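To start, the structure itself, in C-alpha cells.
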Amino acid sequence: MSPRTARHPAQTEEATVPEDSRHFVTALARGLQVLQCFKSGEEKLGNQELAARCKLPKSTVSRLTFTLTTLGYLYHDAGTARYRLGMAALKLGGTTLSRLDAIEVSRPFMQALADRTDSVIALGMRDGMSMLYIETCRSASLITVRLNIGSRIPIARTSMGRTYLAAAKPTARKSIEERLRNLDPTAWPALEADIGRAVTELGEYGCCSSFGDWQREINSIAAPLHLDKRLPMMILSSAGPSALMSSALYMDEIRPALLDTAREIEAEFHRRA
C-alpha cells in the first residue's frame, strides 16, 4: 500500500499525516477542531453550526461538545442550547495573549523613553539561565548598543537578570542560585555578592544596575513590571554605551524616568484589562 497522506480534522493546510498512522488520535483532532470554530466575535455556537463547520455528523459533534463541556473547555448555555469557550480553553491561550498585550501596551512608552534618554529600552523575561529580549526600542541616535529582540543576556551579570533575581520569590531565587553555583563554583562567590547587592539596590532605588559588569562598554539599569499574575515576570531596562552614559547619569537622571515609565506601563495595562 502506497504511503498516501490524508488530511485530518484540525490540521493546517500544510500538515499531513500518513493515512494509516497509528499515532494520530482522530478523536483528539476532532475535539480541537471544535474548539477552533470559536473565532473572534463568535461567542456562542450550537451543535448544528459546529457540525457544519467541522463537516462532521451532528451526533459526533454532540458527543464532542458533551466531553469538552464536562472537562471545562466549553460552557453550555441551557437557555440557548449553545456553547462558548470555557475557562479551561481560555487558560490555554491566556498567557500568550497577555504577553502580546504587554508588548503592545509597553511599546509606545518604551519608545518615548528611548527618545528621551538616547538609550536602548528593552522588555525582557527569563528563559532558563538567561534573560530574553522580547521587545526593544531605540532612539535615532547613531551611537547605541547592539541588543535586539531575541537577544539573550546572562541572568547574574546584567541589570535585567539581577532585577529578576532580586524581585523573584526567595524560593525561586534560591533555585537559580544553586544552579549558578553548580555551573561555575569558582565564579559563584562573586555572583553571590552581586545578587546580594541587587536585592539591596532594588529595595533602596527601585532598580538594579550593571555598570560594565557584563560588558565593559555597556552600562544599564532595570526595574520589574507588575502586570498580571498569569504572566512570567517582565523586566524593563535601559542600556547605553558606558563611554557616553555614566553610572551617575543613569542613577540621577535615567532612573527616575525608567521608574516613571514602568508605572505608566502598569497603569495602562491594568486599565485595558
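Each reported figure results from applying straightforward, stated rules to the coordinates on display, with no laboratory input. Worth saying up front: this structure is predicted, and the values here are computed from it rather than measured. Neighbour counts run over all protein chains shown; Cβ positions are idealised from the backbone, glycine included.
Values for this structure:
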| item | result |
| --- | --- |
| Cβ crowding within 10 Å averaged over residues, with 179-186, 249-256, 202-209 ranked highest first | 202-209, 249-256, 179-186 |
| Förster-model FRET efficiency, 22 Å R0, Lys169 and Met129, C-beta, rounded to 0.05 | 0.80 |
| Calculated FRET value between Thr80 and Lys55, using beta carbons and R₀ = 22 Å, to 0.05 | 0.40 |
| Gyration tensor (alpha-carbon) shape descriptor, the range 104-224, a/c threshold 1.5 | prolate |
| Which of Tyr75, Tyr164 has the fewest Cβ neighbours within 10 Å, and the rest in rising order | Tyr75, Tyr164 |
| Simple spin-label estimate for Ile103 and Arg146 in nanometres, 7 Å along Cα-Cβ | 2.3 |
| Sequence of Leu227, Leu113 once ranked by neighbouring C-beta atoms within 10 Å, starting from the fewest | Leu227, Leu113 |
| Charge context of Ala114, other residues only, Cβ under 12 angstrom, K/R +1, D/E -1 | 0 |
| Residue-by-residue Karplus 3J(HN,Hα) for the range 245-258, coefficients 6.51, -1.76, 1.60, Hz, glycine and proline x | 10, 6, 4, 5, 4, 5, 6, 8, 10, 6, 4, x, 5, 5 |
